[in-house]
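Peer 1: Here it is: the structure, laid out below.
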Amino acid sequence: MGSENRPLRMFFFPFLAHGHIIPTIDMAKLFADRGVKATIITTPLNTPIILKSIQSFNTLIQIQTIDFPCAQVGYPQGYENMNSIPSPDLIHKFFEATTLLQDPLEQILQQSLPDCLIADMFFPWATDSAAKFGIPAIVFHGTGLFALCAYECLRLHRRYDHVSSDSEPFVIPNLPGEITMTRSQVPDFLKYNEDTIVSRLMIASKEAELTSYGVIVNSFYELEKDYADHYRNFLGRKSWHIGPLSLYNTKTEEHECLKWLDTKKPNSVVYVCFGSVTSFPDSQLRQIAMGLEASGQQFIWVVRKSKKDKQEEEWLPEGYERKMEGKGIIIRGWAPQVNILEHRAVGAFVTHCGWNSTLESICEGVPMVTWPVYAEQFYNEKLVTEVLKIGVPVGVKKWMRMTGDGIKREAIEKAVNRVVEGEEAEEMRNKAKVLALQARNAVENGGSSHSDLNSLIQDLCRRRSPLEEVKF
Ligand code: UDP
């Protein structure tokens, strides 16, 4: 069969965490919609969440499983997702196990010889694996262009080594927009030259950006123009921005909270959620509870805790939920976030600035209270509050490891009210609505993300032709 007659075959290899798997599923759907045969590679315990999301695509998107090699590194069985690591001390073992996925990946690539591999940034070695079989690998970071540029400018210039204290602001060199940071907001693995598996993977992923076929970014040009140009022209990365990927997720879930939202006025509810990994000590959760109550705003608050029988939960002030009845809802566990954000009753989002959450909020025109904790979340905060001006910071001073802390209820109350009430809030909401419209235009026919996607598909089709003659 001639190469022009058969669909492109693309393999997707997301990191084992919800924040990476979710946009990868949306990306696979996007490519499948364009006639690409997509295969997602993952481990057995991550398969159900993917299967559930691709039901209507079952002939176009397939799943290939590889076993999670936990025994080899002494990591307990049954926790194959970053969101379920049983103890924070096991995080490095979890990452170590993921590096052992290289051999099984290579077996799959050798057997299937796809036209392209899209591999997560935490699998930088996948670029070399794909190269062994003449397959182009594309890196998927799952974050935006501002964060990619900010991180690279920080890493290359190490300006934070030349400040007199952790709290002295410095301008990130060579980054458009005169963006300031403090050393305490810089990730530990950068400022302390840590030699851990995660820091090694982070460095290797920067190298993979250059040695791979290019980088796919979940963003759209109009959102981060200066940084899209900077990334391509100044930092020299070949990139395609094809997002927001969440716009391809059109599923409406059933959930009580959506019915509750139906009874509320437009823009009258604050949604509070810190993603799929971040946690807080009980003392911080109590401050959040009191801050929300003091703000007087209605809210939906997602907490990553399960309900313990009928006894009072220590992390909540006594009788809190009863007192808040009608005014606020607490969801323990998983919330239908995209459906909540797109509800007209939701007027603000208190977020940890994970990139998926940030982009989902932008897509729905919802201004934010920014509460970054770790990873690249501090850069996302800068983008939201200083560049786009569609959010206010709650005032986090320090990069932490997945567990946030140190924010008092008064700061929460103040930031929440600032983003909901008054002229400044109105201005932020208007700006956010313009961006939401631009996001939709970007993915429409002729839009910037649509064009980038076309150009990537054309590149891959052109590229495979000469190889195809060898293969067939
Ligand atoms: N999410 C969700 N319900 C929840 C928590 C999170 O649907 O209760 C989704 C959210 O919509 C987003 C992803 O999980 O798509 C979280 O990704 P993000 O990059 O924001 O943060 P991470 O979890 O990676 O820290």
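The values are calculated or read from the model by the stated rules, or taken from the named source; none is laboratory data. These numbers come from a predicted model, not from an experiment. Positions of Cβ are generated from backbone atoms using ideal geometry, with glycine treated the same way; all protein chains shown enter the neighbour counts.
Peer 1: So is Lys265 within 15 Å of the ligand (Cβ to nearest atom), of a type in the set (Lys, Arg) and either in contact (Cβ under 8 Å) with a residue 40 or more places away in the chain or surrounded by 15 or more Cβ atoms within 10 Å (Cβ to Cβ) (or both) or not?
Peer 2: It is false that Lys265 is within 15 Å of the ligand (Cβ to nearest atom), of a type in the set (Lys, Arg) and either in contact (Cβ under 8 Å) with a residue 40 or more places away in the chain or surrounded by 15 or more Cβ atoms within 10 Å (Cβ to Cβ) (or both).
Condition check ((1) touching a helix residue (DSSP H, G or I) at 6+ places or on another chain (Cβ under 8 Å); (2) crowded, with 18+ Cβ neighbours inside 10 Å) across all residues:
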| position | (1), (2) |
| --- | --- |
| Pro317 | yes, no |
| Met324 | yes, yes |
| Gly333 | no, no |
| His352 | yes, yes |
| Gly365 | yes, yes |
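Peer 1: Something else now. Within the set of pairs 6+ apart or on separate chains, which have a first residue in the stretch 43-61 that is within 17 Å of Pro23 (Cβ to Cβ) and in a loop (DSSP other than H, G, I, E, B), a second that is of a type outside the set (Asp, Glu) and at pLDDT 95 or above, and C-beta atoms under 6 Å apart?
Peer 2: Ile54/Ile61
Peer 1: Looking at Glu313, is it away from the ligand (no atom under 16 Å from the Cβ), crowded, with 16+ Cβ neighbours inside 10 Å and modelled with pLDDT under 95?
Peer 2: Spelling it out, Glu313 is indeed away from the ligand (no atom under 16 Å from the Cβ), crowded, with 16+ Cβ neighbours inside 10 Å and modelled with pLDDT under 95.
Peer 1: Quick check on the stretch 268-294: of everything there that is of a type in the set (A, V, I, L, M) and within 16 Å of the ligand (Cβ to nearest atom), which residue is modelled with the lowest pLDDT?
Peer 2: Only one residue tops the list, namely Val277.
Peer 1: While we're looking at this one, here's another question. Looking at Ala415, Ala375, Ala411, can you tell me which residue is touching a Gly at 6+ places or on another chain (Cβ under 6 Å), under 22 Å from Pro169 (Cβ atoms) and of a type in the set (Gly, Ala, Ser)?
Peer 2: Of Ala415, Ala375, Ala411, the one residue that is touching a Gly at 6+ places or on another chain (Cβ under 6 Å), under 22 Å from Pro169 (Cβ atoms) and of a type in the set (Gly, Ala, Ser) is Ala411.
Peer 1: Please list, ordered by residue number, the helices (runs of 4 or more DSSP H) wholly in the stretch 320-422 having 2 or more residues that are within 11 Å of the ligand (Cβ to nearest atom).
Peer 2: By residue number, 337-341, 355-363, 377-382.
Peer 1: Looking at the stretch 62-93 only, could you name the residues that are hydrophobic (A, V, I, L, M, F, W, C) and free of Cβ contacts under 8 Å to residues at least 24 places away in the same chain?
Peer 2: Ala71, Ile85, Leu90
Peer 1: Of everything in the stretch 236-267, what is touching a Gly at 6+ places or on another chain (Cβ under 7 Å) and closer than 21 Å to Trp371 by Cβ? Give them in sequence order.
Peer 2: Residue satisfying the conditions is Asn267 alone.
Peer 1: Continuing with the same structure: For Ala38, work out the one condition from (1) of a type outside the set (Lys, Arg); (2) more than 16 Å from the ligand (Cβ to nearest atom); (3) surrounded by fewer than 24 Cβ atoms within 10 Å (Cβ to Cβ) it doesn't fulfil.
Peer 2: (3) is the only condition that Ala38 fails.
Peer 1: Only helices (runs of 4 or more DSSP H) wholly contained in the stretch 145-241 count here; list those with 3 or more residues that are surrounded by fewer than 22 Cβ atoms within 10 Å (Cβ to Cβ) and not hydrophobic (A, V, I, L, M, F, W, C).
Peer 2: Those helices (runs of 4 or more DSSP H) span 145-157, 197-211, 225-229.
Peer 1: For the stretch 362-391, give me the residue count where each residue is in contact with a Pro (Cβ under 8 Å, 6 or more places away or on another chain) and within 18 Å of Leu435 (Cα to Cα).
Peer 2: Qualifying residue count, the stretch 362-391: 9.
Peer 1: Say we look at the stretch 175-193 and pick out the residues that are β-branched (Val, Ile, Thr) and under 22 Å from the mean Cα position of the chain (by Cα); which of these is nearest to His230 (Cα to Cα)?
Peer 2: Ile179
Peer 1: With the structure loaded, tell me whether Gln297 is of a type in the set (S, T, N, Q), modelled with pLDDT under 95 and either away from the ligand (no atom under 16 Å from the Cβ) or crowded, with 20+ Cβ neighbours inside 10 Å (or both) or whether it fails that test.
Peer 2: no
Peer 1: If you don't mind, there's one more thing I want to ask. From Phe15, Phe11, which residue is within 13 Å of the chain's Cα centre (by Cα) and buried (at least 21 other Cβ atoms within 10 Å of the Cβ)?
Peer 2: Phe15
Peer 1: Continuing with this model, one more query. If I go through the stretch 83-141 residue by residue, how many of them are hydroxyl-bearing (Ser, Thr, Tyr) and within 16 Å of the ligand (Cβ to nearest atom)?
Peer 2: Selection size over the stretch 83-141: 2.
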